[in-house]
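Comments concern the structure below.
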Protein chains: 2
Amino acid sequence: MKAKSKRRGVSRQEWLAAGLEALARDGIDSVTVEGLARSLGIAKSGFYWHFENRQDLLRQILDYWAHELTEVVTRNPRVSALEPRDRLARIAEMVLEYNLDRYEVPVRQWARRDAGAARHVRKVDRMRLDFVRRAFRELGFTGDDLEMRSMLFVCYQTWEASMFRELTRKRRRQLISVRLDLLTHS
Amino acid sequence: MKAKSKRRGVSRQEWLAAGLEALARDGIDSVTVEGLARSLGIAKSGFYWHFENRQDLLRQILDYWAHELTEVVTRNPRVSALEPRDRLARIAEMVLEYNLDRYEVPVRQWARRDAGAARHVRKVDRMRLDFVRRAFRELGFTGDDLEMRSMLFVCYQTWEASMFRELTRKRRRQLISVRLDLLTHS
């Protein structure tokens, strides 16, 4: 794969990253083979080295989004090994540090009119909620109270950057422990 | 205004509602005078009875969104008169009852590439946060703790429907008091 990619100059990952950027900037209709080739400064033929067609690219963009911006946390053994409260703090820090929330709005706008994208988004939401719920359960919470704490945490982590744009990164970092004090308080 | 509207068959409000529906379905680029006239089954000329041009329509759509889906709560004397916890519960019930959250994703996707829309969204977010913060302050919370409770509440109310689509309305209604128990617990 690597050798192939080099021969064509642009890796599969670069196409996917460019696709997500185009999606974030102008919405899903702007994610075209021609547009991406132009933005990467490469001939369109290079695209078909990595993808069958635009539909295949779109599907792989969703996988890439799920992997690079969610599984990077939920499947990270160094995160899973932490004590539950530290694990929740680490999730919040990683979202902040790597801007893991930067594609939420455009991906969800896409999912409003594409059933395949909608299924994918639901899968990712479930993955996040399951991971967070496990931590709150280990802290001793149960039932509706467990559910509500987990949902509040996931919801806030997903939308903080879009909703509270005036917050500095320093302030967002400070608020992590305030939030955890509140949500892990019994 | 009413007489004028009747002469033209379609009221200003119907144009705005149709504009928001088109925005929600296909994003801001699909909000065109031609497209809306077609969906309303009316000649394009009727548009200019109410709006100067597309730009004017877009600005008025934002005002309409702010008014019909936020100020309907924050400027409602029957809501403001309630005790703070009841007020917070009433906000959550109204969001649920009238689907006040149904345009959040498309409006924010629009705001990502339009500075005017972004300013409007920030203004609405501040309006919501101020209204909610006042209730939590009356409950005795202060400082960062006050801020975090208010932000968690607003964030959840804005995104519950998009993030937790599998919840029934009945379940969403049940969760209101669970959420308030958690967020108003000192």
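Every read-out reported here was derived from the displayed coordinates using simple, explicitly stated rules and does not represent laboratory data. Note that the coordinates shown come from a computational prediction; the quantities given were computed from them, not determined experimentally. Cβ sites come from the backbone with ideal geometry, for glycine too, and all protein chains shown count toward neighbours.
For the residues of A:152-165, the average number of beta carbons from a partner chain within 10 Å of their own beta carbon is 6.
The residue among A:168, A:132, A:158 whose Cα reaches farthest toward the positive pole of the charge dipole of the stretch A:62-183, with charges on the beta-carbon of Lys, Arg, Asp and Glu, is A:168.
Helix B:54-66 and the longest principal axis of the C-alpha atoms of chain B enclose an angle of approximately 30°.
Lys-Lys pairs in the protein assembly as shown that are eight or more residues apart or on separate chains and whose Cα atoms lie under 23 Å of each other come to 8. Across the identical copies, the 7 Å label point of residue A:181, projected outward along Cα→Cβ, sits 2.4 nm from its counterparts, in ascending order. For a modelled paramagnetic label at residue A:68, 7 Å from Cα along Cα-to-Cβ, the residues of the stretch A:88-107 in reach, with backbone nitrogen under 19 Å, are A:94-107. What whole-number distance in Å separates the alpha-carbon centres of the stretch A:84-126 and the stretch A:39-74? For the stretch A:84-126 versus the stretch A:39-74, the Cα centre distance is 17 Å.
Give me the angle, in degrees from 0 to 90, between the Cα long axis of helix A:143-163 and the longest principal axis of the Cα atoms of chain A, rounded to the nearest 10. With both axes taken from Cα atoms, the answer is about 50 degrees.
Counting only the backbone N, which residues of the stretch A:53-69 are under 17 Å from the spot 7 Å out from the Cα of residue A:98 toward its beta-carbon? Correct set: A:61-69. For the protein assembly as shown, the convex hull drawn through the C-alpha positions has a volume of 155 cubic angstrom per residue. The residue B:55 and residue B:83 beta-carbon pair, evaluated with R₀ = 41 Å, returns a calculated FRET efficiency of approximately 0.40.
On a 0 to 90° scale, report how tilted helix B:84-97 is relative to the longest principal axis of chain B, with both axes built from alpha carbons and the result rounded to the nearest 10. The answer is roughly 40 degrees. Calculated FRET efficiency, residue B:172 to residue A:142, Cβ-Cβ distance, R0 = 30 Å: about 0.90 to the nearest 0.05. Across identical copies of the chain, residue A:72 has label-point separations of 3.9 nm, listed in ascending order, with the point defined 7 angstrom from Cα along Cα→Cβ. Placing a label point 7 Å from Cα along the Cα-to-Cβ direction at residue B:119 gives distances to the equivalent points in the other copies of 4.4 nm, listed shortest first.
Its residue count N fixes a reference of 2.2 N^0.38 Å for chain B, and the Cα radius of gyration divided by that reference is 1.16.
Between residue A:75 and residue B:76, what is the spin-label point distance in nm, taking each point 7 Å from the Cα along the Cα→C-beta axis? Simple spin-label model gives 4.5 nm for this pair. When GluC sites (Glu not before Pro) are flagged only if DSSP places them in a loop and at most 15 other Cβ atoms lie within 10 Å, the longest unflagged stretch of chain B comes out as B:53-165.
At a Förster distance of 41 Å, what's the computed FRET efficiency of residue B:21 paired with residue A:127, Cβ-Cβ distance as r, to 0.05?
Details: r = 31 Å, r/R0 = 0.77.
Efficiency, from the Cβ-Cβ distance: 0.85.
Distance from the B-onto-A rotation axis is smallest for the Cβ of the chain B residue given, in whole Å, as B:109, 2.
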